[in-house]
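K.L.:
Once you've had a glance at the structure underneath, I'll fire off some questions.
The values are calculated or read from the model by the stated rules, or taken from the named source; none is laboratory data. The shown structure was predicted, so the numbers you read here are calculated from the model rather than taken from an experiment. Neighbour counts run over all protein chains shown; Cβ positions are idealised from the backbone, glycine included. Just so you know, the surface numbers come from the protein's heavy atoms only, side chains and all, with ligands and any DNA or RNA stripped out. Shrake-Rupley method; radii C 1.70, N 1.55, O 1.52, S 1.80 Å.
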Amino acid sequence: MFEKEESCGLFGIFGDPEAVQKTYFGLYSLQHRGQESAGIASSNGEFIQCYKGMGSVNRVFRRGTGFLEKLANPTAIGHVRYSTTGSSKSINSQPLLSEYSRGQVAVAHNGNLINAALLRDEYEAYGSIFKSTSDTEVIIHLLAKPTHISNPDPLAHVLNHLQGAYCLLFLYADRIEAARDPYGIRPLCIGQTEKGSYIVASESCAFDIIGAKFIREVEPGEIVRLDKDGLSSRFFVKPGTVTPAHCIFEHIYFAKQNSTIFGENVHEFRKKLGRQLAIEHPADADVVIPVPDSGTSAAIGYAEQSKLPFDMGLVRSHYVGRTFISPEQKTREQEVKLKLAVVKEIVTNNSIVVVDDSIVRGTTTRGKIRTLRQAGAKQIHMRVSCPPIRHPCFYGVDFPTREELLANNRNLKQIKEFLEVDSVGYMSLEGLLSCATLPADNYCTACWSGKYPIPVDTTVNKFSLERYQLQMFGDYPETNE
Ligand code: SF4
């Protein structure tokens, strides 16, 4: 935790008198997928309005601003962002609202396009001007190209030009179109309110919060259209022609425990991981404690399987957002102490198994271990519910560079020494995949195996589109397109 970030969360709803309110709550429940910026675009059937800004949903749409009231329209899409291409700036917040020869369109994206730089070069060579540094803007240029507009299905035609991971929501004045890449890397699902309005969202937890029901996932390579006639579907890639590559990290860390993604509840999946981890790496200990929140379900499974007591030796503060301390003061250990507190009664004089979902750089984990040692833990056995991460992600998860990854150039003995633990055990890749419901080859596992399902240029990074250091002097408006 605290070392890897998701790319974004999406929510869209058609034809509901409370569409904007519901989008606000939907985004709230997806806040774990991105806290850098938030935005909502809504349509009254003729025009689209958009408001977005930097920060969490609560901050952008804070009480008293009246933005939600001004946006009140029966159809809306919303977005929460964590940047994976383009820096964390107001110009890159979404939805991106534009006008082209066919009218207005607002676009919201979760994922990462791996051919965005190439496409942008192509358009810039013909004089196109870009106003953001995110990969999403290139999609609008593709949509507006006259030869694409004349295609019988312009959107399907445009999607076939994109490579990488993408779940996309397009809000037009009269409809929403939602699309998922042919590999189905990021999750996207369909729900319905009690009164029959259709919804699309990154995770099903967004349906729970507004009392809507989960219907199904958007299939890889599918476009779902929500309009006055209800829901219709078409495919821009023939079903069955591409082997899916669902990001299994969504199940391990990113998605919320009450969500159903890739056909399975996230909490249940993580408990299975914990049980498998206990089989692969048992430990002689007094108690199993999780690193909350994402390690909790796996720790429950580990404790069940190993017949050891489960307890909360670490508790998370949910009231610490971004901390306003200077970078010099901000050590990893301090950050850990602000976010996680030790329950000494559980830890002192006990041998403990600490279960976490993953380890990225390792500095944060070492901070937690030191805190537990200071509290008097007798022995600390670190257990991790995924294999050692050795490769970066190019499909929408912001890992550090390969060189910064703890497991990149260390063996298990060196990792144990670095973390200052008595033992360390990682889940095997085979063990991880054995817990999954779908066949093993239906998942992306590139951050462990280095086998990328879509070929990538490993020299590209999240700032590849920041060619000219966009300098916005003064108070660049956070919003209002
Ligand atoms: S590389 Fe890892 S984090 Fe990225 S999509 Fe694949 S499994 Fe997910």
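K.L.:
Measuring with a 1.4 Å probe in the full set of protein chains, what accessible area per residue, in whole Å², belongs to the range 86-190?
P.N.:
In whole numbers, the range 86-190 has 32 Å² accessible per residue.
K.L.:
Here is a further query. Can you find, among Val421, Ile13, Tyr302, the residue sitting farthest towards the positive end of the charge dipole of the chain, where Lys and Arg contribute +1 and Asp and Glu -1 at Cβ?
P.N.:
Val421
K.L.:
Sort 339-346, 40-47, 122-129 for me by packing, meaning the mean count of neighbouring Cβ atoms within 10 Å per residue, highest on top.
P.N.:
Put in order of decreasing packing, that is 40-47, 339-346, 122-129.
K.L.:
Please state, to two decimals, what the Cα-based radius of gyration of the chain comes to when divided by 2.2 N^0.38 Å (N = residues).
P.N.:
Working it through for the chain, the quotient is 0.98.
K.L.:
Could you tell me which of the pairs Lys344/Lys416; Lys89/Lys451; Lys70/Lys195; Lys22/Lys228; Lys378/Lys451; Lys52/Lys228 are separated by over 29 angstrom between their Cα atoms in the structure shown?
P.N.:
In this structure, Lys89/Lys451; Lys378/Lys451 exceed 29 Å between Cα atoms.
K.L.:
Through the Karplus equation 6.51 cos²θ - 1.76 cosθ + 1.60, θ set to phi - 60°, convert the phi angles of the range 273-280 into ³J(HN,Hα) values in whole Hz; use x for Gly and Pro.
P.N.:
4, x, 5, 5, 5, 5, 5, 6
K.L.:
Which aspartates and glutamates have a Cα lying under 20 Å from the Cα of Lys131, excluding residues fewer than 8 positions away in the same chain?
P.N.:
Glu36, Glu99, Asp121, Glu122, Glu466, Asp475, Glu478, Glu481
K.L.:
What distance in nm separates the two pseudo spin-label positions at Asn411 and Gln257, each 7 Å out from Cα along the beta-carbon direction?
P.N.:
Each label point lies 7 Å from its Cα, and together they span 3.8 nm.
K.L.:
Going Cα to Cα from Lys271, which lysines come in below 23 Å? Please leave out same-chain ones fewer than 8 positions away.
P.N.:
The qualifying lysines are Lys4, Lys256, Lys307, Lys368.
K.L.:
Once the dipole of the chain is set up with Lys and Arg at +1 and Asp and Glu at -1 on Cβ about the Cα centre, which of Tyr198, Tyr100, Tyr126 lies farthest towards its positive end?
P.N.:
Tyr198
K.L.:
Expressed as a whole percentage, what fraction of the accessible surface of the chain belongs to carbon and sulfur atoms when a 1.4 Å probe is rolled over the protein heavy atoms?
P.N.:
So the carbon and sulfur contribution to the accessible surface is 51 percent.
K.L.:
I would also like to ask the following. As I understand it, the dipole of the chain uses +1 on the Cβ of Lys and Arg and -1 on the Cβ of Asp and Glu, about the Cα centre. Which of Ile209, Pro152, Gln379 lies farthest toward its positive end?
P.N.:
Highest projection toward the positive end goes to Gln379.
K.L.:
Any idea what the dipole of the range 100-148 comes to, in debye rounded to 20, about its Cα centre with Lys/Arg Cβ at +1 and Asp/Glu Cβ at -1?
P.N.:
200
K.L.:
If I model a spin label at Ser233 and Asn349 as a point 7 Å from the Cα along the Cα→Cβ vector, what separation in nanometres do I get?
P.N.:
Going from the Ser233 label point to the Asn349 one covers 6.0 nm.
K.L.:
In whole Hz, what ³J(HN,Hα) sequence does the range 10-24 give by Karplus (6.51, -1.76, 1.60; θ = phi - 60°), x for Gly and Pro?
P.N.:
10, 8, x, 9, 10, x, 9, x, 10, 4, 6, 4, 5, 5, 4
K.L.:
Please report Rg (one decimal) and Dmax (integer) in Å for the Cα set of the range 235-301.
P.N.:
Spelled out, the Cα radius of gyration and Dmax of the range 235-301 are 15.4, 55 Å.
K.L.:
Same structure again: Taking the full set of protein chains and a 1.4 angstrom probe, give the accessible area of Thr136 in square angstrom, rounded to the nearest 10.
P.N.:
My reading of the accessible area for Thr136 is about 0 Å².
K.L.:
What is the log10 of I(q)/I(0) for the range 105-222, computed with the Debye formula using one identical point scatterer on each Cα and no solvent, at q = 0.10, 0.16, 0.20 Å⁻¹?
P.N.:
One equal scatterer on each Cα of the range 105-222 leads to -0.34, -0.79, -1.12.
K.L.:
What is the calculated FRET efficiency for His148 to Gln31, with r their C-beta to C-beta distance and R₀ = 35 Å, to the nearest 0.05?
P.N.:
E(calc), rounded to 0.05, equals 0.50.
K.L.:
Pop a pseudo-label 7 angstrom from the Cα along the beta-carbon direction at both Arg216 and Glu420 and give the gap in nm to one decimal.
P.N.:
5.3
K.L.:
State to the nearest 20 debye the size of the charge dipole of the chain about its Cα centre, where the only charges are +1 on K and R beta carbons and -1 on D and E beta carbons.
P.N.:
I would put it at about 840 debye.
K.L.:
Still on this model: Which sequence of Lys272, Lys451 reflects their accessible areas, 1.4 Å probe, from the largest down?
P.N.:
Largest accessible area first, the residues go Lys451, Lys272.
K.L.:
What does the range 271-321 give for Rg and for Dmax, in Å, if only its C-alpha atoms count?
P.N.:
According to the Cα coordinates of the range 271-321, Rg and Dmax are 11.5, 36 Å.
K.L.:
Further, regarding this structure: Could you give the accessible area per residue of the range 225-281, probe 1.4 Å, as a whole number in Å²?
P.N.:
So the range 225-281 comes to 42 Å² accessible per residue, rounded to a whole number.
K.L.:
Still on this structure, I have one more. Is the shape of the range 176-264 rounded, prolate or oblate, going by the alpha carbon gyration tensor and its root eigenvalues a ≥ b ≥ c, with a/c under 1.5 for rounded and a/b larger than b/c for prolate?
P.N.:
oblate
K.L.:
Report relative contact order for the range 152-274 in percent, whole number only (criteria: Cα-Cα under 8 Å, sequence separation at least 6).
P.N.:
So the answer I get is 24 percent.
K.L.:
HN-Hα J couplings of the range 133-139 from phi, Karplus 6.51/-1.76/1.60, θ = phi - 60°, integer Hz, Gly and Pro as x?
P.N.:
After applying 6.51 cos²θ - 1.76 cosθ + 1.60, I find 10, 8, 5, 5, 4, 4, 5 Hz.
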